[in-house]
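Peer 1: Structure provided below as structure tokens; questions to follow.
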Amino acid sequence: DIIQIAVSPDSQELATISYNDEITVWSSDSLEQKHRFKVDTNGLKRIEYMTSELLVAAGETTSSWNVGTGQHDTTLSSGRYNFTMALSPDGGQFLFGDRESLQSWNVTEQKSEFRLHGGFATGEIAAFSANAEFLATANGSSVRVWDIASHRLVQIMDSFGWPITGLSWLPETNLLVVASENGRTRIWGTSKDGDALQLAPMHAAVTIPEQSSQEPAAPTQLLQSLDLRTFPRIADGVLRFGDAFSISYDTATHP
């Protein structure tokens with residue numbers, strides 16, 4: 001009973017897990033078994049290669065393991081049952097869930113680089129863009145896009161409908177493919193990016209009055225172009241509730 005498969009960055013190996021907290025490593029060309037070892041985390045649910053030599057296993061804890069020897073390498077997170085993981089296309093960054101944040105790990109230097117805070121789910125789906133400039137995350141029916149350099153949330157896409165089950169950026173583009181539980185697949189991006197692949201937008205672009213116009217934008221136009229959820233957060237503020245046009249925080253009083 002295989003519950004997940006991971007492919008090594010060099011495509012030479014496959015790793016699989018079942019329901020017994022064991023990892024099996026296979027040769028990708030012959031499908032012959034190469035190694036088999038048990039990890040010391042309960043409820044193993046997700047695996048992902050960090051490098052061709054290191055495999056990350058997520059269960060009650062998240063840790064990396066040497067696929068050749070089966071030896072434990074590094075405990076990345078002791079947060080309970082967080083299964084978010086993603087490797088950047090260049091192999092330089094590895095993302096994993098740690099309690100309510102996402103942590104970026106420098107693969108070369110084997111150290112933490114930064115954290116993203118945003119009330120992430122334990123099963124948050126994450127995907128780096130082709131140039132590693134953006135990170136897309138999703139749970140439920142909403143997709144959030146983060147700027148890696150500034151660590152800021154820059155866009156939210158409310159896709160509505162069935163829960164999202166997969167995210168993937170099309171190679172060499174900023175077009176994001178979003179798959180939902182009901183089998184629907186959507187492609188999100190700018191008109192310019194779509195034109196390169198001869199994809200026409202399904203909806204017309206938002207029109208805003210010219211700067212020289214004396215007429216203000218209508219409320220619906222503003223809501224289509226401004227999303228308060230992407231604005232910088234108060235440093236020590238605790239979010240009470242928030243949507244596209246209304247945000248409420250609790251924060252300490254400063255003299």
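Peer 1: Quick one, which of (1) -0.69, -0.94; (2) -0.81, -1.05; (3) -0.94, -1.06 is the actual log10 I(q)/I(0) by the Debye sum over Cα atoms at q = 0.12, 0.14 Å⁻¹ calculated for this model?
Peer 2: Given (1) -0.69, -0.94; (2) -0.81, -1.05; (3) -0.94, -1.06, the calculated one carries the label (2).
Peer 1: Rank I17, I208, I148 by mean-square fluctuation in a GNM of the chain with C-alpha springs under 10 angstrom and give only the top-ranked residue.
Peer 2: It is I208.
Peer 1: Same structure, new question: Which value, in debye to the nearest 20, describes the size of the charge dipole of the chain about its Cα centre when Lys and Arg Cβ atoms bear +1, Asp and Glu Cβ atoms bear -1, and nothing else is charged? Write down the numbers at each step before the final one.
Peer 2: Values: 17 positive and 31 negative charges, 102 e Å.
Value, rounded to 20: 480 debye.
Peer 1: Could you give me the ³J(HN,Hα) list for region 199-205, computed from phi with Karplus coefficients 6.51, -1.76, 1.60 and θ = phi - 60°, whole Hz, x at Gly and Pro?
Peer 2: These are the phi-based 3J(HN,Hα) values: 10, 8, x, 7, 10, 6, 5 Hz.
Peer 1: For K34, list the aspartates and glutamates whose Cα falls under 20 Å from its own Cα; do not include residues on the same chain fewer than 8 positions away.
Peer 2: Result set, ordered by chain and number: D1, D10, E13, D21, E22, E48, E53, D73.
Peer 1: Where the accessible area of region 94-142 is counted over protein heavy atoms with a 1.4 Å probe, how much of it, in %, is carbon and sulfur?
Peer 2: Details: 860 of 1980 Å².
That fraction is 43 percent.
Peer 1: In region 147-193, carbon and sulfur make up what percent of the accessible area (probe 1.4 Å)?
Peer 2: Working: 1530 of 2870 Å².
Here carbon and sulfur together make up 53 percent of the probe-accessible area.
Peer 1: Okay, moving on. For region 160-255, what is the charge dipole size about the Cα centre, in debye to the nearest 20, if Lys and Arg each add +1 at the Cβ and Asp and Glu each add -1 at the Cβ?
Peer 2: Details: 6 positive and 10 negative charges, 44 e Å.
Once rounded to the nearest 20, the dipole reads 220 debye.
Peer 1: Right, next: Using the Cα gyration tensor of region 1-107, with a ≥ b ≥ c the square roots of its eigenvalues, what is the shape: rounded (a/c below 1.5), prolate (a/b larger than b/c) or oblate (neither)? Each step should come with its number before you reach the end.
Peer 2: Values: a/c = 1.86, a/b = 1.27, b/c = 1.47.
Note, shape of region 1-107 comes out oblate.
Peer 1: Right, here's the next one. Would you please name the GluC sites (Glu not before Pro) within region 6-39 that are DSSP coil residues with at most 15 other C-beta atoms within 10 Å of their C-beta? Spell out each step's value before the answer.
Peer 2: Details: sites: E13, E22, E32; in loops: E32.
Counting only loop positions with at most 15 other Cβ atoms within 10 Å, the GluC sites (Glu not before Pro) in region 6-39 are E32.
Peer 1: For region 219-229, take each phi angle, set θ = phi - 60°, evaluate the Karplus expression 6.51 cos²θ - 1.76 cosθ + 1.60, and give the result in whole Hz per residue in order, putting x for glycine and proline.
Peer 2: Values, residue by residue: x, 5, 5, 5, 5, 7, 10, 10, 10, 4, 5 Hz.
Peer 1: Taking a probe of 1.4 Å, how large is the accessible area per residue of region 1-122, in Å²? Don't skip to the answer; put the middle values down first.
Peer 2: On the way: 5850 Å² over 122 residues.
The answer is 48 Å² per residue.
Peer 1: Each residue of region 112-125 in order: what ³J(HN,Hα) in whole Hz does its phi give by Karplus 6.51 cos²θ - 1.76 cosθ + 1.60, θ = phi - 60°, with x for Gly and Pro?
Peer 2: Residue by residue, region 112-125 yields 6, 9, 7, 10, 10, 10, x, x, 6, 6, 5, x, 4, 8 Hz.
Peer 1: Here's another thing I want to ask about it. Going from most exposed to least, what order do Y249, Y49 have by accessible area with a 1.4 Å probe?
Peer 2: In descending accessible area the options line up as Y249, Y49.
Peer 1: Right, here's the next one. Would you mind checking which residues have amide H under 5 Å from D73's amide H? H placed 1.01 Å from N; only 5 or more apart, or other chain.
Peer 2: Close amide H contacts, sequence-distant or interchain: S64, W65, N66.
Peer 1: Near the amide H of M85, under 5 Å away, which other amide H atoms are found, from residues 5 or more places off or on another chain, if H is placed in the peptide plane?
Peer 2: The answer is A126.
Peer 1: Now a separate question. Got a sec? Charge dipole of the chain, +1 on Cβ for Lys and Arg, -1 for Asp and Glu; which of P9, H151, S101 is way out at the positive end?
Peer 2: S101
Peer 1: Then there is this: Not counting ligands, DNA or RNA, and with a 1.4 Å probe, what is D243's accessible surface area in Å² rounded to the nearest 10?
Peer 2: Number for this one is 60 Å².
Peer 1: Let me ask another. Over the chain, what relative contact order in percent results from Cα pairs under 8 Å that are six or more residues apart? Spell out each step's value before the answer.
Peer 2: Working: 542 pairs, mean separation 19.1, N = 255.
The value is 8 percent.
The values are calculated or read from the model by the stated rules, or taken from the named source; none is laboratory data. Worth saying up front: this structure is predicted, and the values here are computed from it rather than measured. Every residue, glycine among them, receives a Cβ derived from its backbone with ideal geometry; neighbour counts consider all protein chains shown. In case anyone asks, the SASA skips ligands and DNA or RNA and just uses the protein heavy atoms, side chains included. Shrake-Rupley method; radii C 1.70, N 1.55, O 1.52, S 1.80 Å.
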